[in-house]
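A.B. asks: Following this message is one structure expressed as structure tokens.
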Amino acid sequence: MAKKYWLMKTEPDAFSWSDLKTAPGRTEMWDGVRNYQARNFMRDDMKPGDGVLFYHSRVNPPGIVGLASVTGKPYADPTQFDPDSKYYDPKSKTEDPRWWLVDIKAERDLTRPVSLPELKEIPGLEDMCVIQRGMRLSIQPVTAEEWKIIRRVGKPKAIG
DNA sequence: GCCAACGTTGGC
DNA sequence: GCCAACGTTGGC
């Protein structure tokens, strides 16, 4: 199975690139996704080693701030069973969990984060999901070509 | 199964 | 903070 590529959005006030980098093992579970399409990507399509563009939304400017990877297999999002969590879902059953997640690991910093306005200007990224108007999906597939272009622009470096 | 109302997302 | 776009809910 060929390696796939993804873009994953987060509001840095809630969970940021720096939060991921400082997590134990630079790894954290991607909890709180409550959208079926995004869930399906994690549950059915993501594989360990897949590349992840880590994207900050609702900041100025929004954009890609780091490179991460999928680690391990999908499992049930524990927050759905936690009444104290804002992601609690009373309709989800332990024996048939509704929400799934994967763990994400920080891999590389970007020498230059790639902002949304910039993404819109880069040749070859015209069809990228994240720049399309009204695109709210928090997890999006990225093509190998788009991944390559963004690496070229962002100049990944070791996490320091 | 339709679709209006509602809640959320996320750029600006 | 605004509000357009979108997804979900629930009455019928």
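FYI, it's all coordinate maths here, none of it is from the lab. Computed from a prediction, not measured in an experiment: that's the story for all the values here. Cβ sites come from the backbone with ideal geometry, for glycine too, and all protein chains shown count toward neighbours.
A.B. asks: Around A:Arg98, which amide H atoms from residues at least 5 apart in sequence, or from another chain, sit under 5 Å from its own amide H, with H modelled in the peptide plane?
C.D. replies: A:Lys93
A.B. asks: For helix A:144-154, report the angle its Cα long axis makes with the longest principal axis of the Cα atoms of chain A; keep it between 0 and 90° and round to the nearest 10°.
C.D. replies: Approximately 60 degrees, to the nearest ten.
A.B. asks: A further question follows. Want the number for A:Ala158 to A:Met1: 0.36 nm per residue separation, take away the alpha-carbon distance, what's left?
C.D. replies: Extra length available between A:Ala158 and A:Met1 comes to 53.8 nm.
A.B. asks: Cα-based count: Lys pairs in chain A below 17 Å, eight or more positions apart or different chains?
C.D. replies: Summing the qualifying lysine pairs gives 19.
A.B. asks: Please give me, ordered by residue number, the GluC sites (Glu not before Pro) of segment A:108-160 that lie in loop per DSSP and have at most 12 other Cβ atoms within 10 Å.
C.D. replies: Of the GluC sites (Glu not before Pro), the ones in loops of segment A:108-160 whose Cβ has at most 12 other Cβ atoms within 10 Å are A:Glu121, A:Glu126.
A.B. asks: Give the residues of segment A:100-132 whose amide nitrogen is closer than 17 Å to a point set 7 Å from the Cα of A:Val59 in the direction of its Cβ.
C.D. replies: Output list for this probe position: A:106-119.
A.B. asks: Amide H neighbours of A:Glu11 under 5 Å, at least 5 residues apart or on other chains, H built in the peptide plane: list them.
C.D. replies: Here A:Ser57 satisfy the definition.
A.B. asks: Among residues other than A:Thr71 whose Cβ falls under 11 Å from its Cβ, what is the net charge (Lys/Arg +1, Asp/Glu -1)?
C.D. replies: 0
A.B. asks: Something else now. How big is D for chain A, in µm² s⁻¹ as a whole number, if Stokes-Einstein is applied with the Kirkwood radius of its Cα pairs at 20 °C and 1.002 mPa s?
C.D. replies: Roughly 133 µm²/s, to the nearest whole number.
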